[in-house]
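Data block below; observations after.
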Amino acid sequence: MPNISGGLVHEMPADLAMALSQMLETVELWEKLTPIARNEFICWIEDAKQEKTRVKRINRTIEELLEGKKRPCCWAGCIHRTDKEPSKWQQDVLIAKKPAL
């Protein structure tokens with residue numbers, strides 16, 4: 001398996017690395033992403049509460065990379081980054097778990 005880069009904060013999970021390494025094209029597309037973009041995909045995958053959701057997100061990551069997307073669709077962003085404060089929405093909804101308006 002090739003050495004595949006992680007994100008800005010999140011390290012590369014083994015299951016995502018395995019899925020990416022199935023095709024040279026997906027590894028190349030992944031490596032062209034910025035560390036912040038890779039971080040967003042990894043955080044989105046790791047945020048899944050159930051294993052079946054995690055698997056779906058890994059598969060969707062592969063699909064989105066092949067479609068030319070550079071960030072996960074419908075993801076508010078990583079709340080674990082230390083280089084910037086989470087937005088007010090992230091603080092309320094993702095961290096404090098208040099209902100979204």
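Here, each number is a calculation from the coordinates, and none is a lab measurement. Nothing here was measured: the structure is a model prediction, and the numbers come from that model. Here the Cβ positions follow ideal geometry from the backbone for every residue, glycine too, while neighbour counts run over all protein chains shown.
Structure values in brief
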| read-out | value |
| --- | --- |
| Environment charge at Arg60 (Cβ cut-off 11 Å; Lys +1, Arg +1, Asp -1, Glu -1) | +1 |
| Long-range Cα-Cα pairs in region 26-73 (distance over 18 Å), rounded percent | 21 percent |
| Highest to lowest packing among 36-48, 59-71, scored as the average C-beta count within 10 Å | 36-48, 59-71 |
